[in-house]
Structure formats: structure tokens, C-alpha cells
Amino acid sequence: QANGLLALRLAPTEAVLLASLDGDTAALDEIAAAWSIETAGLCFPVPRMDSSFRFAVTGAQGAAMFAKLCAVDLRPRAFPDLAIAQTSVARMNAILCRRDRGGVLAYELLGDWASAEYLWACLLDAMVEFGGRPVGRAALAALEAEG
């Protein structure tokens with residue numbers, strides 16, 4: 001969406017809302033402020049900012065790198081842009097979403113904060129074979145600006 005918000009539908013009654021990578025949570029804050037028990041029905045917010053990690057992996061070799069860690073076929077022809085998988089990555093439960101940036105193949109990986117350090121080490125190890133390296137949010141923002 002224009003505000004950078006991404007809704008990941010995990011099940012008919014479950015979704016994860018992700019703010020833009022620039023850290024702007026205004027859209028999420030607006031949704032949270034509008035929520036009320038009187039009108040919610042069976043919809044309840046479960047904030048994940050303090051319990052989940054969010055990593056991004058970009059580049060043409062992303063699917064090949066993930067093949068070392070995950071059984072889901074993430075190649076572009078099998079896993080289109082904005083596809084979602086709840087799966088195991090390096091034997092840890094995770095959510096994978098393909099979210100291309102500026103025409104560059106990209107994936108977002110979400111999981112339990114307690115596993116973040118372990119999964120980060122697994123990603124660093126897996127990317128070595130493909131010449132990958134950590135780049136940070138500024139590099140992701142630059143990719144989006146190019147698109």
C-alpha cells in the first residue's frame with residue numbers, strides 16, 4: 001500500500017500487519033487506536049514488535065540460499081511476489097513472504113525473537129556460498145526507491 005503497510009493473510013481468521021521498513025508505524029498506530037472491544041467481533045490485535053524478528057533477504061540468489069535452510073520451493077516461478085509460507089527455516093518455525101523491492105527478488109522472514117540470533121547466524125552461513133552480506137535498512141530503502 002502507499003503507506004508501506006503489508007497485510008499477510010496467514011489463515012481465514014489471522015493476519016499479520018507489517019509496517020514499512022523505514023520504521024514508520026503510523027498506519028499500525030491508527031489501526032490500533034481505532035480498535036475497540038465493542039466493535040471488534042472476533043478481531044483482536046496481538047502486537048508483535050517485542051516478540052518477533054523481521055529479516056529481509058534480497059538478490060537473485062535468495063531462493064537458492066533459502067533452499068539450504070527451507071523445504072519450500074521459493075524460486076520465482078513457484079513462489080510469486082507477495083506469496084506467503086508458514087514453514088520451518090533452519091528447523092525453526094517462521095513466516096516467509098516474497099516481497100520484491102524495486103524489481104529485485106526479496107523475501108521477508110519473520111519468527112520468534114528468541115530464535116533471532118540463531119537464525120541470523122544460519123542466514124550468514126548460508127549466504128557465504130552466494131557472496132551475500134548484511135546491508136541494512138538503508139540499502140532496502142534504496143532498492144524501493146529504484147522501483
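What follows is calculated from the coordinates using simple rules that are stated; it is not laboratory data. Nothing here was measured: the structure is a model prediction, and the numbers come from that model. Backbone-built Cβ (ideal geometry, glycine too); neighbour counts: all protein chains shown.
So what is the 222 nm mean residue ellipticity for the chain from helices alone, if each DSSP H run of at least 4 adds -39500 (n - 2.57) and you divide by all residues, rounding to the nearest 500 deg cm²/dmol? Before the final figure, lay out each step's value.
Working: 4 runs with 38 residues, N = 147.
Counting only the DSSP helices, I get -7500 deg cm²/dmol.
Specify the angular offset, from 0 to 90 degrees and rounded to the nearest 10, of the alpha carbon long axis of helix 137-146 from the longest principal axis of the alpha carbons in the chain.
Helix 137-146 sits roughly 90 degrees off the main axis of the chain.
Give me Phe44, Phe55, Phe66 ranked fewest to most by other Cβ atoms within 10 Å of their Cβ, as a rough exposure proxy. The partial results should precede the final answer.
Working: Phe44 8, Phe55 16, Phe66 25.
The most exposed by this proxy come first: Phe44, Phe55, Phe66.
I'd like the per residue volume of the convex hull spanned by the Cα atoms of the chain, given in cubic angstrom.
120
Considering only DSSP states other than H, G, I, E and B, which GluC sites (Glu not before Pro) in the range 72-147 qualify as loop sites with at most 11 other Cβ atoms within 10 Å? Intermediate values should be presented prior to the final figure.
Numbers: sites: Glu108, Glu117, Glu129, Glu144, Glu146; in loops: Glu129.
Answer in residue order: Glu129.
Given a Förster radius of 22 Å and the C-beta distance between Ala33 and Leu10 as r, what FRET efficiency does 1/(1 + (r/R0)^6) yield to the nearest 0.05?
0.40
For Thr58, Thr13, what's the fewest-to-most ordering of other Cβ within 10 Å of each Cβ? Walk me through the intermediate numbers first.
Numbers: Thr58 20, Thr13 8.
Ascending Cβ contact count within 10 Å gives the list Thr13, Thr58.
Relative to the longest principal axis of the chain, what angle (0 to 90°, nearest 10) does the C-alpha long axis of helix 116-128 take?
30
By counting other Cβ atoms within 10 Å of each Cβ, how are Met49, Met92, Met65 ranked from fewest to most?
Going from sparsest to densest Cβ surroundings: Met49, Met92, Met65.
For the range 8-60 and the range 85-124, what is the centre-to-centre distance using only Cα atoms, to the nearest Å?
Cα centroid to Cα centroid, the span is 17 Å.
Give me the dipole magnitude in Debye, nearest 20, for the chain about the Cα centre, with unit charges on the beta carbon: positive for Lys and Arg, negative for Asp and Glu.
That gives a dipole near 520 debye.
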